[in-house]
Amino acid sequence: MDNINREYIDSYIKSLILDEGEKLNAFRNECQERNLPIIHKEVGQFIKLMIKQSNVKSILEIGTNVGYSSIFFSHVMNFEGKIVTLERSEKFYQEAVNNIKNFNLDKNIEVHFGDATEILDTIEGSFDMAFIDAAKSYYKLFFDKAYERMKSGGIIISDNVLYQGMIATDELVVRRKKTLVRNLRNYLEYISHDDRFITSVLPLGDGLAVTLLK
């Protein structure tokens with residue numbers, strides 16, 4: 001549970017969001033029952049708006065987990081376009097491949113196994129949007145490598161950037177997370193102050209950074 005918004009606010013916002021269909025909704029419920037780190041429902045709704053408004057047809061995702069977000073994005077794009085997603089856990093990679101096949105989206109979604117810091121150098125093509133939801137201490141490296149593969153005017157979305165509120169106040173920081181907090185704070189300053197980008201940090205889910213590339 002995060003410390004970004006009060007629970008009753010989160011619950012009310014989520015209650016306004018329509019389900020994405022029986023099968024996808026069942027998949028979300030299964031992931032939540034397993035406590036898997038999938039995108040928050042309100043975060044998904046916001047990204048859905050961004051995809052539709054910007055007519056996104058290609059997405060680079062860093063951090064597949066079991067494939068929920070890739071499948072969700074493909075649904076939002078009406079099963080058109082392409083998604084390239086990267087996962088370093090062999091267990092989650094195999095699950096994602098199976099889940100994507102189960103949704104008949106293996107031709108729309110390309111899953112790569114391995115360390116994103118290495119695989120990103122081998123990815124071909126350019127993308128309308130990138131979604132970063134992987135090792136938090138490496139967000140800047142992920143961002144810079146994704147930036148090289150983005151189309152002009154593309155959007156990079158970074159999830160969980162307020163990390164249970166720790167990024168906003170030292171009062172919530174626990175000792176074992178100090179390095180992660182420092183790295184995420186540096187990352188947010190970087191994408192907020194660099195003249196090549198326009199970034200808005202939103203208190204959605206566990207914190208969402210939306211960066212427009214000039």
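The mean sequence separation of alpha-carbon pairs under 8 Å and at least six residues apart, normalised by the residue count of the range 88-146, gives a relative contact order of 33 percent. Here is how the number arises for the chain: DSSP H runs of 4 or more residues each give -39500 (n - 2.57), the sum is divided by the residue count, and the result at 222 nm is -12000 deg cm²/dmol. Neighbours of Ile155 by Cβ distance under 12 Å: Lys/Arg scored +1, Asp/Glu scored -1, total +1. Excluding ligands, DNA and RNA, the accessible surface per residue across the range 59-137 is 42 Å² with a 1.4 Å probe. Pairwise Cα distances in the chain exceed 29 Å in 21 percent of cases. With both residues required to sit in the range 70-214, DSSP beta bridges show an antiparallel share near 50%. Excluding ligands, DNA and RNA, the accessible surface per residue across the range 145-199 is 55 Å² with a 1.4 Å probe.
Of the peptides 185-196, 155-166, the ranking by mean beta-carbon count within 10 Å, highest at the top, reads 155-166, 185-196.
The ratio of the alpha-carbon radius of gyration of the range 95-136 to the globular-protein estimate 2.2 N^0.38 Å is 1.31. The fraction of accessible area contributed by carbon and sulfur in the range 130-208 is 47 percent, rounded to a whole number (1.4 Å probe; ligands and nucleic acids excluded).
Packing around the peptides 197-206, 175-184, taken as the average count of other Cβ atoms within 10 Å per residue, puts them in this order, highest first: 197-206, 175-184. Over every Cα atom in the range 1-118, the radius of gyration and the widest Cα-Cα span, Dmax, amount to 14.4, 41 Å.
The values are calculated or read from the model by the stated rules, or taken from the named source; none is laboratory data. Source: prediction; values computed, not measured. Methodologically, a virtual Cβ is constructed for each residue, glycine included, from the backbone with ideal geometry; neighbour enumeration extends over all protein chains shown. Each accessible area value is taken on the protein alone, full model and side chains, heavy atoms only, with ligands, DNA and RNA left out. Shrake-Rupley method; radii C 1.70, N 1.55, O 1.52, S 1.80 Å.
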